[in-house]
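Visitor: Following this message is one structure expressed as structure tokens.
What follows draws every value from the coordinates through simple rules; no lab data is involved. Bear in mind that the values here come from a model prediction, so they are computed numbers and not experimental data. For neighbour counting, all protein chains shown are included, and Cβ atoms are generated from backbone atoms with ideal geometry for every residue, glycine included.
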Amino acid sequence: TAPLLEVNGLAKHYPVRKGLILAKQVGTVRAVDGVSFTLNRGETLALVGESGCGKSTTARLVLRLIEPSAGTLRFGGDDITGIGGSALRAMRRRMQIVFQDPYASLNPRLTVADTIAEPMQVHGIGDAVSRRTRVEELLSLVGLRPFHAQRYPHEFSGGQRQRIGIARALSVQPELVVCDEPVSALDVSIQAQVVNLLKDLQRRFGLAYLFIAHDLAVVKHVADRVAVMYLGQIVETAPKRDLFAAPRHPYTRALLAAIPHPDPARRGQVKPLGGDLPSPLNPPAGCRFHTRCPFAQERCRQEVPTLRRLAPGHEAACHFAETLPAAGLDFAGGLS
Ligand code: SF4
Ligand code: MG
């Protein structure tokens, strides 16, 4: 059967203009620049990269909240790239989002019941009475109590608010849930609870997750596959186990090195990634990572590396992926 989601050559470019009258285009921000991946039903694909790498823009493109400059999107086998009107509304019910910030994403003037019921109302699902019943079911599914329905978001902790956001996303029985850094704003002690809840709900309802994260620590516990993004492009994709055991792209290695080692005695042995993320406005020529890569050669400054298959399901975009020294690979990356 076809993947639930197929993303092909997706791009989002913003022209940058100078001058108010007769503005001249002076450049192009390549926020997302040729991203392809698939996501199967019931699967979690993590999209990982530093802030500004284009992962949230990719999520918004997938949800059709913004229009792509290029590329195609297929959902459930159907091309949804250019659909609008009722077809787009019907499709929107099938993909929902859980936002990063549970403090900013819930309307403070709506009760929890109304917050959770709103998507059902928007999509014309059920009547007021059946929606009320459904809200109670959803509260219990996410570990909240029926009396919470009449309270307001400010009465809840961050973790509880994220549970409300998850209940809201699930209210319309989506097939895909985009989780945009759903635990980044939460205390570490709460993160695991929310991750476990997401995994439990995935098993129960066969949900597919596109899970956005800025580091690999959380991904380790939630992903089936991982796609690493750098400056608008995917630089490595692999099953989670392979990515952690045998990362091929130097950027992936750097992200793995940034995970604190569980053994404090071995922390601080790995150098963090030097330099700043270059601007997506006129990104570096050749390999976009060459300005920060410890292995960069002359070829890297000239020639763009494309994603190459290195093992089943494992691809990396580095000219030297096969031959890079294994030295420096002793990260905290091992799966616990
Ligand atoms: Fe580094 Fe060159 Fe590989 Fe790019 S192609 S990641 S610069 S070694
Ligand atoms: Mg973001």
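Visitor: Can you list residues whose amide H is under 5 Å from Val16's amide H, if they're 5+ apart or on another chain and H is modeled 1.01 Å from N?
Guide: Val26, Gly27, Thr28, Val29
Visitor: Going by average Cβ density within 10 Å per residue, which order do the peptides 29-40, 187-198, 78-89 take, highest to lowest?
Guide: Numbers: 29-40: 20.6, 187-198: 15.8, 78-89: 12.3.
Put in order of decreasing packing, that is 29-40, 187-198, 78-89.
Visitor: Enumerate the amide H contacts of Val178 below 5 Å, restricted to partners 5 or more residues apart or on another chain; note that Pro and chain-start residues carry no placed amide H.
Guide: Gln96, Ile97, Val98, Leu210
Visitor: Next question. Treating only the Cβ of Lys, Arg, Asp and Glu as charged (+1, +1, -1, -1), what charge dipole size does region 1-120 show about its Cα centre? Round to the nearest 20 debye. Walk me through the intermediate numbers first.
Guide: Details: 15 positive and 10 negative charges, 82 e Å.
Result for region 1-120 is approximately 400 debye, rounded to the nearest 20.
Visitor: Next question, about the same structure. List the lysines whose Cα lies under 25 Å from the Cα of Lys199, skipping any in the same chain that are fewer than 8 positions away.
Guide: Lys199 reaches Lys55, Lys220, Lys240.
Visitor: Using the Cα centre of the chain as origin and beta-carbon charges of +1 (Lys, Arg) and -1 (Asp, Glu), tell me which of Thr291, Thr323, Leu198 is placed farthest towards the positive end of the dipole.
Guide: Of Thr291, Thr323, Leu198, it is Thr291.
Visitor: So what are the ³J(HN,Hα) numbers for region 92-101, from phi and the Karplus equation (6.51, -1.76, 1.60; θ = phi - 60°), rounded to whole Hz, Gly and Pro as x?
Guide: 4, 5, 7, 10, 10, 10, 10, 7, 5, 9
Visitor: Then there is this: Please compute the net charge surrounding Ala87, taking Lys and Arg as +1 and Asp and Glu as -1 over other residues with Cβ under 12 Å from its Cβ.
Guide: Values: positive: Arg64, Arg89, Arg92, Arg93, Arg94; negative: Asp78, Asp79.
Residues close to Ala87 contribute a combined charge of +3.
Visitor: When Lys and Arg each count +1 and Asp and Glu each count -1, what net charge do the other residues less than 13 Å away from Leu110, Cβ to Cβ, add up to? Let's see the in-between values first.
Guide: Values: positive: Arg109, Arg151, Arg161, Arg168; negative: Asp114, Glu118, Glu155.
Spelling it out: positives minus negatives among the neighbours equals +1.
Visitor: Roughly how tilted is helix 158-170, in degrees to the nearest 10 and between 0 and 90, from the longest Cα axis of the chain?
Guide: For 158-170 against the chain, the angle is about 80 degrees.
Visitor: Evaluate the charge dipole of region 5-223 about its Cα centre and quote only its size in Debye, nearest 20, assuming +1 on the Cβ of each Lys and Arg and -1 on the Cβ of each Asp and Glu. Walk me through the intermediate numbers first.
Guide: On the way: 27 positive and 20 negative charges, 72 e Å.
So the dipole magnitude of region 5-223 works out to roughly 340 debye.
Visitor: Set Lys and Arg Cβ to +1 and Asp and Glu Cβ to -1, take the dipole of the chain about its Cα centre, and tell me which of His314, Ile83, Met95 lies farthest positive.
Guide: So the residue furthest toward the plus end is Ile83.
Visitor: Let me ask something else about it. Cut-off under 21 Å on the C-alpha distance; same-chain residues fewer than 8 positions from Lys24 excluded. Which lysines are left, in chain and number order?
Guide: Straight-line reach from Lys24, under 21 Å: Lys12.
Visitor: Using θ = phi - 60° and the Karplus form 6.51 cos²θ - 1.76 cosθ + 1.60, what ³J(HN,Hα) does each residue of region 212-226 get, whole Hz, x for Gly and Pro?
Guide: 8, 8, 9, 9, 8, 4, 5, 4, 3, 9, 10, 8, 8, 10, 10
Visitor: Continuing with this model, one more query. Please state the relative contact order of the chain as a whole percent: Cα pairs under 8 Å, 6+ residues apart?
Guide: On the way: 620 pairs, mean separation 66.2, N = 336.
Answer for the chain is 20 percent.
Visitor: For a quick check, take a GNM of the chain with Cα springs below 10 Å and name the residue from Ser171, Ser56, Ser130 with the largest mean-square fluctuation.
Guide: In the Gaussian network model the winner is Ser130.
Visitor: Something else now. Of Val177, Tyr251, Leu141, whose Cα points farthest to the positive end of the dipole of the chain (charges on the beta-carbon: +1 Lys, Arg; -1 Asp, Glu; origin at the Cα centre)?
Guide: Of the candidates, Val177 comes out farthest on the positive side.
Visitor: Using the Karplus curve 6.51 cos²θ - 1.76 cosθ + 1.60 with θ = phi - 60°, work out ³J(HN,Hα) for each residue of region 120-126 in order, rounded to whole Hz, and write x for Gly and Pro.
Guide: Those phi angles translate into 5, 5, 4, 8, x, 9, x Hz.
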